Amino acid sequence: MAKLTTAQALVRFLDNQYVSFDGKETKFVDGIFTIFGHGIVCGLGEALDSDPGQLTVYQGKNEQGMAHVAASFAKQNNRRKIIACSSSIGPGAANMITAAATATVNHVPLLLFPADAFSTRQPDPVLQQFEQVQSLSITTNDAYRAVCRYWDRVARPEQLMSAMLNAMRVLTDTAETGAVCISMPQDVEGETYDFPDEFLQKRVHKITRIAPAKDEVEDLAAALLQAKKPLVICGGGVRYSEAGETLERFCRTFHIPFAETQSGKTACLSSDPYNLGGLGVTGNAAGNVIAKEADVILGVGTRFSDFTTGSKSLFRADAKVLTVNTSRFDAYKLGATKLVADAKLGLEALEAALAKAGYRSGYTTEIADAKAAWEEEMQRLADYAYDENFRPLIAAGDPRTLPEFAENFGTLTQTAVVAKVRELIPADAICVGAAGSLPGDLQRMWTSDSRYSYNMEYGFSCMGYEIAGALGSKLAEPDKEVYAMCGDGSYLMLHSELVTSVQEHKKINVLLFDNCGFGCINNLEMSNGIGNLATEFRFRTPDGKLLGDLVPIDFARAASGYGVKTYTARNMEELEAALLDSQKQTVSTLIDIKVLPKTMTDGYGAWWHVGVASTSQNEAVRKAYADRKAHLEKARKY
């Protein structure tokens with residue numbers, strides 16, 4: 001037995017957790033991110049101060065931000081390593097809830113230790129305690145229940161043992177992983193208990209590959225043998241299974257094209273002749289053209305989000321859907337014929353069955369033709385220009401916006417910037433993003449033959465993930481250049497961990513695309529008949545509307561105060577110079593890139609279902625609703 005406080009036992013336990021995958025053993029918990037407050041500093045803080053073991057203690061600047069760092073770190077390590085996060089009671093704990101939801105949606109392990117009210121209730125209401133009048137057992141931390149894969153409260157020291165074993169069970173489960181919340185009452189953190197040595201000793205959790213069942217393999221093989229034009233969808237499960245090379249070989253052997261989801265991107269090489277690129281609402285023309293004609297869809301490691309399926313309207317109504325997924329829940333989606341298995345083992349079993357039957361798809365030149373057409377479009381996007389009337393830019397919205405922006409800010413188009421960034425930064429650089437119009441541009445235009453170099457959080461599309469996510473990727477792979485692709489809206493929402501990158505001497509590069517507002521949603525509202533309402537950053541006019549002049553913000557000047565090396569780019573020459581010089585820096589950098597609104601990618605044949613008003617006096621809204629009804633009639637019902 002070891003006589004320890006609950007917090008001391010927790011620290012020792014975390015320091016002795018390991019995982020093994022394909023026979024390779026690694027330490028699972030790298031460290032703990034924290035912002036100390038009264039609810040945790042005297043308990044967990046004391047334990048980390050007296051004996052942290054091999055755990056690194058990281059200081060966050062915002063609880064949501066530090067938890068995004070931890071989630072990105074786990075993703076960049078393909079879920080084999082984590083950083084735990086701890087917060088104080090009340091607002092500190094509540095701040096991490098958004099990050100917990102983000103991790104759970106994306107199937108990324110995230111371990112959270114929010115402090116809680118006193119288990120004894122003696123000082124109630126303690127500072128920052130949330131009192132629910134119908135039950136004093138409810139605290140702020142109960143809000144985590146809806147967004148976590150596992151939730152527990154350690155109300156007695158001895159409960160720590162079952163809580164942490166269950167936490168590890170979920171965190172290392174390929175199908176069920178996500179956020180885990182272990183609520184820590186602040187008095188219990190400091191209570192002493194005789195913890196068994198066995199609980200505190202080294203423990204190795206084996207992350208095993210789920211073997212495919214023979215009859216399910218036969219079901220999928222039978223369907224594929226009837227397919228003339230199948231399409232494979234490469235999802236995040238391919239990445240976490242490290243099955244990219246297996247998928248490439250599978251498609252090459254049977255002459256089958258594949259398209260990527262946001263999570264699956266860079267699991268395979270962009271240069272692969274069968275890789276069509278992005279699919280769906282943020283996908284490109286190549287993937288979407290082939291998808292619309294495919295008679296069999298094989299989704300590997302994908303949860304079939306509405307962006308991937310075009311709100312279930314992208315595929316033919318009679319197309320047969322097949323799935324390979326470790327999650328039985330995701331495997332059943334779209335009424336699919338399922339194979340519940342690890343992506344690599346599932347593809348290998350299918351490959352053997354199809355090879356035995358001598359299968360080859362019926363494609364002739366369609367794959368090459370689609371890729372060639374998209375390459376031409378990529379070049380057009382890279383050379384994006386406009387005439388004196390700002391054609392061919394989207395004309396919707398305030399007619400002043402484009403000439404006003406060009407005169408006062410700059411003349412760069414967003415797609416040309418993305419192309420130039422890809423051209424000039426290192427080939428193995430890690431690209432991080434999350435929200436706005438950039439995920440669409442990047443899924444379509446970003447190419448890389450460096451596996452796992454694309455860290456896009458698009459399951460929750462959480463604004464504010466970008467910079468924290470870049471730091472998490474840098475902590476995971478410190479020898480690579482990391483770029484946060486961030487809109488001005490996301491930057492204003494959460495960029496606190498930029499300071500942490502400076503503090504930790506972990507250089508990240510922030511590419512801040514400033515179009516004076518929430519440009520993606522500005523497009524969405526106006527394309528559905530709504531006016532220019534609160535999506536551009538404008539001053540309020542005397543009549544009370546947010547339709548005055550654009551609000552100028554010098555992001556570079558503000559960020560320089562953090563100790564960051566900054567640049568401002570209003571034209572291509574300034575952008576090129578900034579990109580090249582930033583690579584010579586050893587400190588984090590920020591390039592304030594002034595990009596014309598309405599110059600992102602758009603379209604390519606996928607529909608997105610949004611809740612349009614069914615009754616309106618606005619003719620444009622009525623037209624948008626009629627369009628919605630027409631698409632719904634063609635879409636799958638479930």
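The values are calculated or read from the model by the stated rules, or taken from the named source; none is laboratory data. The model shown is predicted, which means the values in this text are computed figures rather than measured ones. All Cβ positions, even for glycine, are placed from backbone atoms using ideal geometry, and neighbour counts span all protein chains on display. Please note that ligands, DNA and RNA were not included when accessible areas were found on the heavy atoms of the full protein model with its side chains. Shrake-Rupley method; radii C 1.70, N 1.55, O 1.52, S 1.80 Å.
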Hz values of 3J(HN,Hα) by residue in region 255-269 - Karplus curve (6.51, -1.76, 1.60), Gly and Pro given as x: 6, 10, x, 9, 10, 10, 8, 4, 6, x, 4, 6, 5, 10, 7
Share antiparallel - DSSP beta bridges, region 493-619, percent rounded to 5: 15
Taking the Cα centroid of region 530-575 and of region 161-193, what is the distance between the two, rounded to the nearest whole Å? 43
Restricting attention to region 301-382, which trypsin sites (Lys or Arg not before Pro) occupy a DSSP loop and are surrounded by at most 12 other Cβ atoms within 10 Å? Arg360
Over the Cα atoms of region 569-635, Rg to Rh with Kirkwood Rh, two decimal places? 1.30
Just to be sure I understand: of the beta bridges DSSP finds with both ends in the chain, what percent are antiparallel, rounded to 5? 15
Accessible area of His631 in the full protein assembly, 1.4 Å probe (Å², nearest 10): 60
Ignoring any ligand, DNA or RNA, what whole percent of the accessible area of region 277-359 comes from carbon and sulfur when the probe is 1.4 angstrom? 52
With a ≥ b ≥ c the root eigenvalues of the C-alpha gyration tensor of region 198-238, is it rounded (a/c under 1.5), prolate (a/b larger than b/c) or oblate? oblate
Radius of gyration and maximum dimension Dmax of region 90-178, Cα, Å: 13.9, 42
Carbon/sulfur fraction of accessible area - region 500-633, other protein chains in place, 1.4 Å, %: 53
Ranking Trp151, Trp374, Trp608 from most to least accessible area with a 1.4 Å probe gives Trp608, Trp151, Trp374
Quick one: order Thr365, Thr615, Thr282 from most to least accessible surface, probe 1.4 Å. Thr615, Thr365, Thr282
Rounded if a/c under 1.5, otherwise prolate or oblate - region 213-315, Cα gyration tensor axes: rounded
Heavy atoms of the protein only, probe of 1.4 Å, neighbouring chains included. What is the accessible area of Arg636 in Å², nearest 10? 50
What figure, in Å² to the nearest 10, do you get for the accessible area of Met164 with a 1.4 Å probe and non-protein molecules left out? 0
What distance in nm separates the simple spin-label points at Asp219 and Glu404, each placed 7 Å from Cα in the Cβ direction? 5.7
Accessible area, probe 1.4 Å, largest first, for residues Val11, Val551: Val551, Val11
Out of all Cα-Cα pairs in region 398-465, roughly what percent, to the nearest whole number, are more than 13 Å apart? 70
For region 233-295 and region 316-332, what is the separation of their C-alpha centers, rounded to whole Å? 16
Shape of the chain from its Cα gyration tensor (a ≥ b ≥ c, root eigenvalues): rounded if a/c is under 1.5, otherwise prolate when a/b > b/c, or oblate? oblate
Which of the listed residues, Tyr144, Pro185, Pro157, is farthest toward the dipole's positive end in region 132-201, when Lys, Arg count +1 and Asp, Glu count -1 at the beta-carbon? Tyr144
Filtered pair list for region 401-555 (Lys only, Cα < 27 Å, 8 or more apart or interchain) has a length of 8
To one decimal place, what orientation-averaged projected area in nm² is obtained for the convex hull of the Cα set of region 504-574? 7.2
Percent relative contact order for the chain, counting Cα pairs under 8 Å at least six residues apart, stands at 13
Can you give the relative contact order of region 484-623 as a percent, counting alpha carbon pairs under 8 Å and 6+ residues apart? 28
Find how many whole Å separate the alpha carbon centroid of region 362-379 from the alpha carbon centroid of region 448-510. 32
Averaging sequence separations of C-alpha pairs under 8 Å and six or more residues apart, then dividing by the length of region 186-341, give the relative contact order as a whole percent. 23
